[in-house]
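K.L.:
This is the structure, below, for whatever I ask next.
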Amino acid sequence: MAHYAVRESPPLRGEIPIGTSKNAVLPIMCGALLTGEDVRIENPPDLTDVATLCSLLGACGCRVRRESGALILRAQSLNNPQDEEDVRKMRASVLVLGPLLTRLHEARIPLPGGCAIGQRPIDQHLKGMSALGAKVAFDHGGVTLTGRLRGAVIYLDMPSVGATENLIMAATLAEGTTRIENAAKEPEIVDLAAFLSSMGAKISGAGTSTVTIEGVERLHGTSWQPIADRVEAGTMACACAITGGELLLRGARADHLRSLLFKLSEAGVHIQDTPSGLMVFGRARQPFEIRTMVYPGFPTDLQAPMMAVACKTPGTSVFLETIFENRFMHAAELARLGAHIRVENRVAVVEGAARLTGAPVTATDLRAGAALILAGLCAEGETLVCDDVGHIDRGYSRIEEKLSAVGGDVRRVAAS
Ligand code: UD1
């Protein structure tokens, strides 16, 4: 596994190509299980989460091929995975549940355990599948769902992204009409619905809190380019807000990043939406308040990168994390670099403009790892971000190359 050596860097200048969205591609890959025909996914990001899901889809009987910048999936024959290891490795694996159940009328996965950023239960996924007519049984650390699915009205207790995606996929091949109320509205859900529609699914309302799916008998193959990664784009915008400079985030979409862009503007960073992507100019100069919320609120995945920005910004910035119960672990690591942060339950208060000095720190989760690399860009001397578990590679493809290309002093070094 890699570590990252980061040194204080000049203002970042140049262009960063934004990759295909991890959080869009993972559900779309699971959606490929809904047909026996070829599904071609263009430009999948080079991430370990994608590799892990490829391995899991393979274990489900799906043929996985890579062909010049595309991933081709063919789930002609389909089965439940025998080896549960890949399911355990990655929370998003739960998204095979809907497709397996709706096609095979039986699905089994091990129950995901708690993870670094919270408990992350799957009760809303199961409640929805049960409303669609599945019998749910727990045994030997796993959950088995059986039954032919019929359309139903499902009310989600909270707008879970994963549950909304799983239920949309399950309902595409259910008999009759399904309505999901209090659905999540993230752009990745809109992309998944558009992808499924290109396979012949009948879905309306994706991107609003009520999604309606009319079941069809079968879906066919398709070719799809998923959306650009708004979290990668947001992270790079935060890097610019820390060092100053001028970055073009090629392919980034302003309409998917409104909440972040408003916050950066409030902080004094200039943003320009151009046909090639987003231009970001200058560093953050004023403190800000952030409350993470479901889309279109401020994304929890950008809370840690924005905390790195707050460490260097004069004044007191305040963070309220409402989505995950344990997502401030980066605060203690940032403090090792000299940041002044007080955390009380779900609130973190950052006294900015601290003098940061490099130190060895630990990437406690994916976005925390990215935040530490960003903080290293403005810390005197060398910051060594230790990532023994490989969190950063799960969600950022060659982050060190992308930052180096615009003047960031970031190197990937072998773990000792
Ligand atoms: C997705 C994203 C992740 C992002 C998160 C919130 C992917 C692959 N991952 O994760 O990057 O941080 O959305 O925007 O797209 N919950 C329940 N019961 C459930 C489901 C969720 O209580 O059945 C809770 C979770 O514990 C959490 C909250 O709801 O507190 C949000 O979870 P959810 O929206 O489901 O996130 P994911 O789909 O796992």
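K.L.:
Give the residues of segment 218-228 that are open to solvent by 10 Å² or more (accessible area, probe 1.4 Å) and within 14 Å of the ligand (Cβ to nearest atom), sorted by residue number.
P.N.:
Step one: list which residues in segment 218-228 are open to solvent by 10 Å² or more (accessible area, probe 1.4 Å), which gives 218, 220-225, 227-228.
Residue satisfying the conditions is ILE227 alone.
K.L.:
If the requirement is being closer than 22 Å to THR35 by Cα, in contact with a His (Cβ under 7 Å, 6 or more places away or on another chain) and surrounded by 15 or more Cβ atoms within 10 Å (Cβ to Cβ), which of these qualifies: GLY147, GLY151, GLY215, GLY133?
P.N.:
It is GLY147.
K.L.:
What is the residue count in segment 6-56 for residues that are in contact with an Asp or Glu (Cβ under 6 Å, 6 or more places away or on another chain) and either hydroxyl-bearing (Ser, Thr, Tyr) or more than 13 Å from the ligand (Cβ to nearest atom) (or both)?
P.N.:
11
K.L.:
Being outside any helix (DSSP H, G or I), in contact with a Leu (Cβ under 8 Å, 6 or more places away or on another chain) and near the ligand (Cβ under 10 Å from one of its atoms) is the filter here, so list the residues in segment 294-318 that pass it.
P.N.:
PRO299
K.L.:
Right, another one. If you go through segment 158-170, how many residues are in contact with a helix residue (DSSP H, G or I) (Cβ under 6 Å, 6 or more places away or on another chain) and not in a helix (DSSP H, G or I)?
P.N.:
1
K.L.:
Return the only residue of GLU382, GLU344, GLU351 being closer than 20 Å to ARG285 by Cα and of a type in the set (D, E, K, R).
P.N.:
One residue alone meets the criteria, GLU351.
K.L.:
Moving on to the next point. Anything in segment 294-315 that is small (Gly, Ala, Ser) and open to solvent by less than 10 Å² (accessible area, probe 1.4 Å)? List them, or say none. Please lay out each step first, then the result.
P.N.:
Step one: of segment 294-315, the residues small (Gly, Ala, Ser) are 297, 304, 308, 310, 315.
Across segment 294-315, the qualifying residues are ALA304, ALA308, ALA310.
K.L.:
Pairs please, first residue from segment 292-313 and within 14 Å of ILE242 (Cα to Cα), second anywhere and among the charged types (D, E, K, R), Cβ atoms under 6 Å, 6+ apart in sequence or on different chains.
P.N.:
Note: pairs meeting the criteria are ALA304/ARG367.
K.L.:
Okay, next question. Among the residues of segment 154-170, count how many are under 20 Å from ASN23 (Cβ atoms), without any contact (Cβ under 8 Å) to a residue 40 or more places away in the chain and surrounded by 22 or more Cβ atoms within 10 Å (Cβ to Cβ).
P.N.:
The qualifying residues number 1.
K.L.:
Of the residues in segment 1-37, how many are out of contact with any strand residue (DSSP E or B) (no Cβ under 6 Å at 6 or more places or on another chain), open to solvent by less than 50 Å² (accessible area, probe 1.4 Å) and under 17 Å from ALA241 (Cα atoms)?
P.N.:
Residues flagged as out of contact with any strand residue (DSSP E or B) (no Cβ under 6 Å at 6 or more places or on another chain), open to solvent by less than 50 Å² (accessible area, probe 1.4 Å) and under 17 Å from ALA241 (Cα atoms) within segment 1-37 amount to 1.
K.L.:
Of everything in segment 46-79 that's farther than 21 Å from GLY221 by Cα and not hydroxyl-bearing (Ser, Thr, Tyr), which residue is surrounded by the fewest Cβ atoms within 10 Å (Cβ to Cβ)? Write out each step before concluding.
P.N.:
Filtering segment 46-79 for residues farther than 21 Å from GLY221 by Cα gives 46-49, 51-52.
Filter again for not hydroxyl-bearing (Ser, Thr, Tyr), leaving 46-47, 49, 51.
Values: ASP46: 12, LEU47: 23, ASP49: 22, ALA51: 15.
Across segment 46-79, the extreme among qualifying residues is ASP46.
K.L.:
If we only count helices (runs of 4 or more DSSP H) wholly inside segment 40-125, which ones have 1 or more residues that are at pLDDT 95 or above?
P.N.:
Values: elements: 48-59, 85-89, 97-104.
So the answer is 48-59, 97-104.
K.L.:
Only one residue in ALA368, ALA359 is open to solvent by less than 10 Å² (accessible area, probe 1.4 Å) and either within 16 Å of ILE290 (Cβ to Cβ) or more than 18 Å from the chain's Cα centre (by Cα) (or both). Which one?
P.N.:
ALA368
K.L.:
Search segment 171-212 for residues being in a helix (DSSP H, G or I), open to solvent by 10 Å² or more (accessible area, probe 1.4 Å) and touching a strand residue (DSSP E or B) at 6+ places or on another chain (Cβ under 8 Å), and hand back the single one that is nearest to the ligand (Cβ to nearest atom).
P.N.:
Applying the filter and picking the extreme gives VAL190.
K.L.:
Would you check which residues across segment 405-416 are within 13 Å of GLU15 (Cβ to Cβ) and open to solvent by 50 Å² or more (accessible area, probe 1.4 Å) and list them?
P.N.:
Within segment 405-416, ALA405 is the sole residue that qualifies.
K.L.:
Something else now. Looking for whichever is in a helix (DSSP H, G or I) and open to solvent by less than 10 Å² (accessible area, probe 1.4 Å) here; the options are ALA375, ALA354, ALA332. Which one fits?
P.N.:
Checking each option against the conditions leaves just ALA375.
The values are calculated or read from the model by the stated rules, or taken from the named source; none is laboratory data. What you see is a predicted model, and the numbers here were worked out from it, not measured in a lab. Note that we place each Cβ from the backbone using ideal geometry, even for glycine, and neighbour counts take in every protein chain shown. When the accessible area is computed, the model is the full protein with side chains, heavy atoms only, and any ligands, DNA or RNA have been set aside. Shrake-Rupley method; radii C 1.70, N 1.55, O 1.52, S 1.80 Å.
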